[in-house]
Amino acid sequence: MSKLEEIWMTVSIGILVIFMVIVGYQTYALGMGPPSHKETIDPQEVEQTAPFDNPGLIDLGDNQYELVMTLEAFAFNPGNVEVPVGAEVEFTMTSKDVSHGIQIPGTNVNAMVLPGHIQKITQTFDEPGEYLVVCNEYCGVGHQAMFTTITVK
Amino acid sequence: MYSNTKKSKYSMSGTIASVTIVALVIILMWAGVFAIYMARV
Amino acid sequence: MEQAKHIGLRENVISKLGVNPQDAIIALTYFTISFATLLIGGLLGLIQGLERAGLYSLPAGFNYYQVLSAHGLLLLVVFTATFTIGYQLANLSHSFNGLLPKVRKMIWVGIVLKVIGVVLAVTMIVLGEASVLYTFYPPLAAHPIFYIGLVLLVLGIWSVAFGVFINYRHWRKENPGQPTPILAFFAMGVFVLWFFASLGVTIEVFMIIPWVLGWVETINVMVTRTLFWWFGHTLVNIWYLVATSAWYIIVPKIVGGKHFNEKLIRLVVILLVVLNIPGGFHHQIIDPAISLSIKFLHVFMSLSIAVPSLMTAFAMFYVLEKAGRKKGGKGLFGWFKKLPWGDVRFLAPMIAMIAFIPGGAGGIVNTSNQMNQVVHNTMWVVGHFHVTVGVSVVLTFFGICYWLIPHLSKRQLTAKMNKVGVIQTWIWTIGMTIMAGSMHLAGLVGDPRRTSDTTYAGHETALSWLPYEYVFATGATLLLIGVIIQVYAVFNMMFFAPKGKTEYPVAEPEDDQPKVPMWTERWGLWAIVLLAVVAMAYVIPIVDMIVNAPPGSPPIKTW
C-alpha cells in the first residue's frame, strides 16, 4: 500500500469513526437512539390486552402525553388527535395484523410497528399545525389511504 | 508498511484531488441530513 | 482424469482465444433472459412512475402494488442475477480456457430451474395472488406457488454456484501453487458471498411455506424479517462486487493502463465477502424488539463495508490518472480530459463509478443509526438504490455489453453501435440524475416509498410532494427510452452486427508488481471467517427473537 493510500485510508476511516462517535454519543448519552422497544403482545388478542383495550391520549401532566395507538390495515386508532403546542408525546403502538410503519413528516417520528411487538417513540411538537401521520410500510391494497393527523394548537 | 516502489514519474495530484472530493461529498451529505435530523428532534 | 489432461494440452493453444464456444452460448442465453426481463421491468417502472404522479391509472384488475412487486422481482432478482451469472461465467471461461462439461450441465440445470421459478412467481403476481412486493414480509401471505418459484430460483443459483466451485477446485488442482486469474478470483468472491447470503432467505422461505399452506398455525414475524435482511443487503453487494470486477480489471485495459496492485484488489474482494452479511440490521434500525447495542454493532458492520469501497475509490483514481498522464494529460485534471470519453466501454462504467460517490455517501447516511429515522421507508431510499443499483451497477453492466456480447457472438462493436451506446449512456445518466435526485429530495420532506398515488385527502404536506413526483415521471420516461435503446443495442450486437473478433479487454498487472500471495486463495478460510462474523452479529439477536417470541401471526391477505 503506497504512502498516499495509507493517508487516504486513515482520513476516510477517521471520518467514519467520527460519525459513529457523534451518533453513538447521542444514542447512549442523550437517549436519542432509534425506537427499539422490547415488549411483546399476542397479535390476535390486541383488543383484549391493556393498554390497547382502549387506545387514546392520556394526559400525564405538565404538557406530557402518552398516545396509546393501534395500527391495522388501513387505519390508525385513535385518529385526529389534538395536543397543545410544546407537548411531549410518547407513542405506544402495536399492529393488529401486518407490518406497518408510522411516520410524521417534518418530525423524527419514523418507526416500524410489527404484529406481536409493542413499539415506543417520543416526539415534542414545538410548532403548531396539522401534522400528517402516514403508514410508510406497505400493508395492503389500501396502504395509500392509511393516514391520520395530529393537530398541535 | 510503505511499499518500496520507486516514486512514479507521474504526479498523483489528480488522485489526491479526486479522493478529497469523495471525502467532501461524504461529509457534506452526512452533515446535511444530520442538520435535518437535529432540526426535527 | 482424461478430461483434465485434455484441457491441460490445449492450455497454450487457445489461451488467448477467450471464451469457449459452448460457454459463449450459455452466457448469451443468460444475457437474452436478462435483457428481455429488463425491457418488461423497465416498462413497469415507467407505469409506476406515471401512476404515482397521478398521470396514469392502471386498468381495472391491476393495482400499483402488483406492478411494484413485478418491477422489483424482475429487475432486482432476475435481471441482475442473470446478467451477473452470464458475465461471471464468461470471465471464468476466459480465465480457465473453458468450463468443464459437467459444470456446463449444472449451469444449464440452473438456467431451467431459474426460468421455471421466475415464471411461477411472476404469474402469481400478475394474477394478483402475490402483491407482497419483493420483500414479502410475513404476515403478508402470498400464494404458495409464489414461494415455490422463489425456491426454484435459489436452487438455480446454487446449481451454478456449485458448478463454479467445482470448476475452481479443478483448476487449482491442475495448477498447483499458481494463483487463479484475477477475474476468476472475483467470480469466486461473488458466488461464495451469494451462497452464504442465500442461506438466510432460504431458511425464511422454508418457514413460510408450511405456514402459508396451513400446516403451521403462526409464524415469527421478527425472525423471518431478520432472515430476509441477512440476505437482502448482501444481494445488492453481490452485483456491486460484480461491477467492481469490471472497474478494477476491464476499465484499466480500455483506458490503456495497467490494473491496480493485485494483492490489494484481492484484499478488497475478501473484505467485501467476509464483512458483508452482518450489515443486515441497517434495514431494521427502527424495528422494535432489537436492542440498541445490537443495532449499533450492525451500524459498525455496515460502515465497515464502506472501507473496501474507499480503497476502490483510491485505486480507480490512481489507475485512471496514471493512464491519463501517460496520454499527456497535464495539470490537476488534465488526465481526466485525456480519458476515452467517446468509447462507451469506458464512458458507462466511468459514470457508474462517479455515481457511486453520492450513492455510497447516501448509504453512510442511511446506516447512521438514529439518522435513519429521517429517511427510512421514504423516497430517499428509493433514490439511493436507483443511484447505487440503477447507475453504479446497471451502467457498468451496460458498458460490459458493448465488448462482451460482440465477443461472444463472434461479431464486432461497430462505430455506429458505440455511438448508440454513448447516446444511451447519457440518456440514462440524465434520466437517473433527474429521477433519483428528486427522489432524494422528496424523501427528505417525507414522501413515503411503496405508496400508490394519493394526496391523503388533499393534505397540504402530501400536495407539496406532487411536484417531485412529476419529476420522477419525467426521469422514468427518459429511462424507458434508455432501456429500449440498450435492449436494441444488445440484440443488434448479438445477431446483426458484422462478423469479426472483439477483444476481451483484461488488464495486465504493472511490471514491477510482486507475485500474488497464495494465502488470498484460501476460500475455505474466508468462508469460515464469514460464518464467524455472521455468528457474531446474528446469533444473539435471533436466539433472543426465538426465545422471547410473542405468539406468532397467522397468514393475512390484505389485497
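Remarks
- Qualifying residue in the stretch A:63-70 (condition: touching a residue at least 40 places away in the same chain (Cβ under 8 Å) and hydrophobic (A, V, I, L, M, F, W, C)): no
- Within the stretch A:143-153, the set of residues being part of a loop (DSSP other than H, G, I, E, B) and either among the basic types (Lys, Arg) or open to solvent by 10 Å² or more (accessible area, probe 1.4 Å) (or both) comprises A:Lys153 only.
- Count of the stretch C:526-559 residues which are among the aliphatic types (A, V, I, L, M), more than 11 Å from every other protein chain (Cβ to nearest Cβ), open to solvent by less than 40 Å² (accessible area, probe 1.4 Å) and closer than 30 Å to C:Ala130 by Cα: 1
- In the stretch A:118-142, the residues that are facing chain C (nearest Cβ under 7 Å) and either surrounded by fewer than 23 Cβ atoms within 10 Å (Cβ to Cβ) or out of contact with any strand residue (DSSP E or B) (no Cβ under 6 Å at 6 or more places or on another chain) (or both): A:Leu132, A:Tyr138, A:Gly140, A:Val141
- Exclusive hit being without any contact (Cβ under 8 Å) to a residue 12 or more places away in the chain, surrounded by 24 or more Cβ atoms within 10 Å (Cβ to Cβ) and within 14 Å of another protein chain (Cβ to nearest Cβ), set C:Met350, C:Met371: C:Met371
- Residues that are within 20 Å of C:Glu510 (Cα to Cα) and among the small types (Gly, Ala, Ser) within the stretch C:294-328 comprise C:Ala313, C:Ala315, C:Ala323, C:Gly324, C:Gly328, listed in sequence order.
- Residue in the stretch A:6-19 that is farther than 30 Å from B:Val22 by Cα and among the small types (Gly, Ala, Ser) present: no
- Some residue of the stretch C:383-401 being in contact with a His (Cβ under 6 Å, 6 or more places away or on another chain), assigned to a helix (DSSP H, G or I) and within 19 Å of C:Phe472 (Cα to Cα): yes
- Any hit, the stretch C:176-197, residues being among the aliphatic types (A, V, I, L, M) and without any contact (Cβ under 8 Å) to a residue 40 or more places away in the chain: no
- Enumeration of residues in the stretch C:32-43 that are open to solvent by 30 Å² or more (accessible area, probe 1.4 Å) and either closer than 30 Å to C:Pro467 by Cβ or modelled with pLDDT under 95 (or both): C:Leu39, C:Ile40, C:Leu43
- Among the residues of the stretch A:60-113, just one is under 22 Å from C:Phe136 (Cβ atoms) and aromatic (Phe, Trp, Tyr), namely A:Phe74.
Results for (1) farther than 23 Å from A:Phe19 by Cα; (2) at pLDDT below 95; (3) within 14 Å of chain A (Cβ to nearest Cβ); (4) open to solvent by 20 Å² or more (accessible area, probe 1.4 Å), shown as yes or no for each residue.
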residue: C:Thr378; (1), (2), (3), (4): no, no, yes, no
residue: C:Val381; (1), (2), (3), (4): no, no, yes, yes
residue: C:His384; (1), (2), (3), (4): no, no, no, yes
residue: C:Val394; (1), (2), (3), (4): yes, no, no, no
residue: C:Cys401; (1), (2), (3), (4): yes, no, no, no
residue: C:Val420; (1), (2), (3), (4): yes, no, no, yes
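- Selection from the stretch C:48-57 of residues that are aliphatic (A, V, I, L, M) and open to solvent by 40 Å² or more (accessible area, probe 1.4 Å): C:Leu50, C:Leu55
- For A:Thr10, the test of being open to solvent by 20 Å² or more (accessible area, probe 1.4 Å) and under 30 Å from C:Pro554 (Cα atoms) is failed.
- The number of residues in the stretch A:19-54 being aliphatic (A, V, I, L, M) and more than 7 Å from chain C (Cβ to nearest Cβ) comes to 6.
- Filtering the stretch C:353-368 to residues that are of a type in the set (Val, Ile, Thr), more than 9 Å from every other protein chain (Cβ to nearest Cβ) and under 28 Å from A:Gly31 (Cβ atoms) leaves only C:Thr367.
- The lone exception for C:Thr455 - which of (1) of a type in the set (S, T, N, Q); (2) open to solvent by less than 30 Å² (accessible area, probe 1.4 Å); (3) under 30 Å from C:Asn372 (Cβ atoms) it fails: (2)
- A:Thr107 being part of a strand (DSSP E or B) and under 16 Å from the mean Cα position of the chain (by Cα): no
- Whichever residue in the stretch C:59-73 is more than 9 Å from every other protein chain (Cβ to nearest Cβ) and more than 21 Å from the chain's Cα centre (by Cα) and, among such residues, is surrounded by the most Cβ atoms within 10 Å (Cβ to Cβ): C:Gln66
- Residue satisfying all of: in the stretch C:323-345; surrounded by fewer than 23 Cβ atoms within 10 Å (Cβ to Cβ) and not in a loop (DSSP other than H, G, I, E, B); nearest to the chain's Cα centre (by Cα) among these: C:Phe336
- Meets criteria (of a type in the set (Val, Ile, Thr) and buried (at least 24 other Cβ atoms within 10 Å of the Cβ)) for C:Val223: no
- Residues that are within 27 Å of C:Leu199 (Cβ to Cβ) and of a type in the set (Phe, Trp, Tyr) were ranked within the stretch C:255-296; the one that is modelled with the lowest pLDDT is C:Phe281.
- Enumerated strands (runs of 3 or more DSSP E) restricted to the stretch A:9-100, each holding at least 1 residues that are at negative phi and acidic (Asp, Glu): A:56-59, A:64-72, A:81-83, A:87-95
- Residue within the stretch C:198-206 that is in contact (Cβ under 8 Å) with a residue 60 or more places away in the chain, closer than 30 Å to C:Val103 by Cβ, in a helix (DSSP H, G or I) and open to solvent by 10 Å² or more (accessible area, probe 1.4 Å) present: no
- Taking the stretch C:246-293 as the range and being small (Gly, Ala, Ser), farther than 30 Å from A:Leu30 by Cβ and surrounded by fewer than 24 Cβ atoms within 10 Å (Cβ to Cβ) as the test, the residues that pass are C:Gly256, C:Gly257.
- When each of A:Gly24, A:Gly56 is tested for being surrounded by fewer than 20 Cβ atoms within 10 Å (Cβ to Cβ) and not assigned by TED's automatic domain parsing to the domain that holds A:Val133, the lone residue that passes is A:Gly24.
The values are calculated or read from the model by the stated rules, or taken from the named source; none is laboratory data. Model, not experiment: these values are computed from the prediction. Heads up, the Cβs are rebuilt from the backbone with ideal geometry, glycines too, and the neighbour counts pull from every protein chain shown. Each accessible area value is taken on the protein alone, full model and side chains, heavy atoms only, with ligands, DNA and RNA left out. Shrake-Rupley method; radii C 1.70, N 1.55, O 1.52, S 1.80 Å.
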